[in-house]
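Everything on this sheet refers to the single structure shown next.
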Amino acid sequence: MSVNSTVAYLLQNLNVHRIVLDNGLVILATENPAADIVSARLFTRAGSRYESAEQAGISHLLSAVLTKGTHHLSAQDIAERVESVGASLGADAVADYCLLSLKTVSADFAEILALAADLLRSPSFPESEVELERRIALQGIRSMQEQPFSVANRQLRQAMYGNHPYALPVLGTEASVSQLNRDDLQRYHQTYFRPDNLIISIAGRISAEESIALVDHLFGDWQAPKQPDGDRPLPLPMPKLSPIATVPQQMVTIQDTQQAIVMLGYLAAPVHTEDYVALKLLNTYLGNGLSSRLFVELREKRGLAYEVSAFYPTRLDVSQFVVYMGTAPTNAAIALTGLQQEVDRLCHSPLALEELQAAQNKLLGQYALGKQTNAQIAQTYGWYETLGLGVEFDQQFQKAAAAATAERLQQVACQYFTKPYISLVGPASVNEILAMPASS
């Protein structure tokens, strides 16, 4: 067996084995015999973070076509193999990675993992499937242009990130996707889909030894492309990331809609910082669920919102902390003021003890519920490995969340929640709001 290192961790009362093959492929194997199911997540460090503006959306298009043919199998062959054993198999792309997911009963796992290996190693990208999925992606992009939330979110993201890849939607743009073709997908695949850029996370009723042996059998002979001298692998290309300038702006898109979307955005910490957990707690307190501060204060008490929430995505690079509301156009100015007052309050007043404890309990409770199934376990550990955090981050995150103080959260709020980026979408009347002070 071509293993060059192995480490075992005890997490969630489960033994998680981390193994690196000689070709650089990382295996995370978690035995969990609670159900006769095995799930696997195959992560590739690609995604929209690694795209140029000219090829925005290529990761999404590749993931859509990845399961539609190999040099040995047609799309129909692949579908029949999966459906004949009642398994599930699918691909996806997000900002920081591409993902191939599968789930089977344990008896069929070897067969479906072998199919996944064929898909990752030898995709054929049939011309007809590329064209079909390209048209579907373009329809999705055009559909999003009619949705006020999507318009506001994209407008905000572009202002906050400028020329950084995070500015662009995962689907890409009409201009970029219209130009993508099979040759582009093949080059992108050859560049990023290689064993030393792959993490395979497996969880279920299968021993770590069996998982490792199976992955080694299917992927161990896969080699990264070599440099011209033939001895060393080509280095992985680094993404071209433009610096992110902090220049808060106010933007509005006039759209004939029955509601207005009001968004405030703040540049926030990436996952590899000590501020990450505090921001997750602030996001939970402010905008997570029906008991969140925004929901209670702005919807339940004041009746301003059709919908109101906050989000803070986990990102390798600078993230964004966003609060937003969908409201009647006549309430847009009040909504903007209310949102900013609630964010500003986090800096001016520390959370009360009961508020802090409620946020901690909610965050940690949801975190625990997010690791109940084998699919969730494989996803969580593989995701942490892909982000460079390591599986030990599972325990580090929970301990840091439980130990957070109100003073610490207030300090982080004061650091990040200064002048916001503002994005508005709605009828012509919302244009007048930007002439008013945001905190009036």
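By how many degrees, between 0 and 90 and to the nearest 10, does the Cα long axis of helix 374-386 differ from the longest principal axis of the chain?
Helix 374-386 and the main axis of the chain meet at about 80 degrees.
Projecting each Cα onto the charge dipole of segment 3-219 (Lys/Arg +1, Asp/Glu -1 at the beta carbon, about the Cα centre), which of HIS60, GLY162, GLY90 comes out farthest on the positive side?
With unit charges placed on the Cβ atoms, the residue in question is GLY162.
Run the lone-cysteine check on the chain: no other Cys C-beta under 4.7 Å from the residue's C-beta.
Those would be CYS98, since no other cysteine Cβ in the chain comes under 4.7 Å of theirs.
Per residue and in Å³, how big is the convex hull formed by the alpha-carbon atoms of segment 3-219?
With only Cα atoms used, segment 3-219 gives 143 Å³ per residue.
For SER84 and GLN227, compute 0.36 nm times the residue count separating them, minus their Cα-Cα distance, and round to one decimal in nm.
Computed gain between SER84 and GLN227 is 47.3 nm.
Take the Cβ-Cβ distance between LYS419 and ASN163 as r, set R0 to 25 Å, and report the resulting FRET efficiency rounded to the nearest 0.05.
0.75
Given points 7 Å out from each Cα along the Cα-Cβ axis, report the SER128 to GLN341 separation in nanometres with one decimal.
A separation of 6.1 nm, rounded to one decimal place.
Given springs between every Cα pair under 10 Å in a Gaussian network model of the chain, which of MET238, MET144, MET160 has the largest fluctuation?
In this elastic network of the chain, the residue with the biggest mean-square fluctuation among MET238, MET144, MET160 is MET238.
With the Cα gyration tensor of segment 174-215 giving a ≥ b ≥ c as the square roots of its eigenvalues, does the rule (a/c under 1.5 for rounded; else a/b larger than b/c for prolate; else oblate) give rounded, prolate or oblate?
Cα axes put segment 174-215 in the prolate bin.
When the dipole is taken about the Cα centre of segment 282-421, and only Lys, Arg (+1) and Asp, Glu (-1) are charged at their Cβ, what size is it in debye, to the nearest 20?
200
Give me log10 I(q)/I(0) at q = 0.09, 0.14 Å⁻¹ for the chain, Debye formula, one equal scatterer per alpha-carbon, no solvent.
-0.65, -1.35
Could you work out the relative contact order of the chain? I mean the mean sequence separation of Cα pairs under 8 Å and 6+ apart, divided by the number of residues, in percent.
Result for the chain is 21 percent.
At a Förster radius of 30 Å, what calculated FRET efficiency corresponds to the Cβ-Cβ distance of ASP22 and ASP77, to the nearest 0.05?
Efficiency for this residue pair is about 0.45.
Using the alpha-carbon centroid of each, what span in Å lies between segment 151-223 and segment 105-124?
First find each Cα centre; the distance between them is then 17 Å.
Could you calculate the contour length gain from GLN366 to VAL105, that is, 0.36 nm times the residue separation minus the distance between their Cα atoms, to one decimal place in nm?
So the chain would gain 91.3 nm between GLN366 and VAL105.
Hey, got the dipole for the chain? About the Cα centre, +1 on K and R Cβ, -1 on D and E Cβ, debye to the nearest 20?
1000
Could you tell me the extents of segment 358-420's C-alpha atoms along the three principal axes, largest first, rounded to whole Å?
If we take the Cα atoms of segment 358-420, the spans are 40, 26, 21 Å.
Could you state the angle between the C-alpha long axis of helix 75-84 and the longest principal axis of the C-alpha atoms of the chain, as a value from 0 to 90 degrees rounded to the nearest 10?
90
Under the classification rounded if a/c is under 1.5, otherwise prolate if a/b is larger than b/c and oblate if not, where does segment 242-365 fall, given a ≥ b ≥ c as square roots of the Cα gyration tensor eigenvalues?
oblate
Each residue of segment 409-420 in order: what ³J(HN,Hα) in whole Hz does its phi give by Karplus 6.51 cos²θ - 1.76 cosθ + 1.60, θ = phi - 60°, with x for Gly and Pro?
5, 5, 4, 5, 4, 5, 6, 9, 9, 9, 7, x
Taking 0.36 nm per intervening residue step and subtracting the Cα-Cα distance, what contour gain separates ARG182 from MET238 on full extension?
17.9 nm
For the chain, how many pairs of lysine residues have a Cα-Cα distance under 24 Å, where the two are 8 or more positions apart or belong to different chains?
Number of lysine pairs found: 11.
How many angstrom separate the Cα center of segment 332-359 from the Cα center of segment 378-417?
Going from one Cα centre to the other spans 21 Å.
Values in this text are rule-based calculations from the coordinates and carry no lab data. Nothing here was measured: the structure is a model prediction, and the numbers come from that model. A quick note on method: Cβ atoms are made from the backbone with ideal geometry, for glycine too, and the neighbour counts reach across all protein chains shown.
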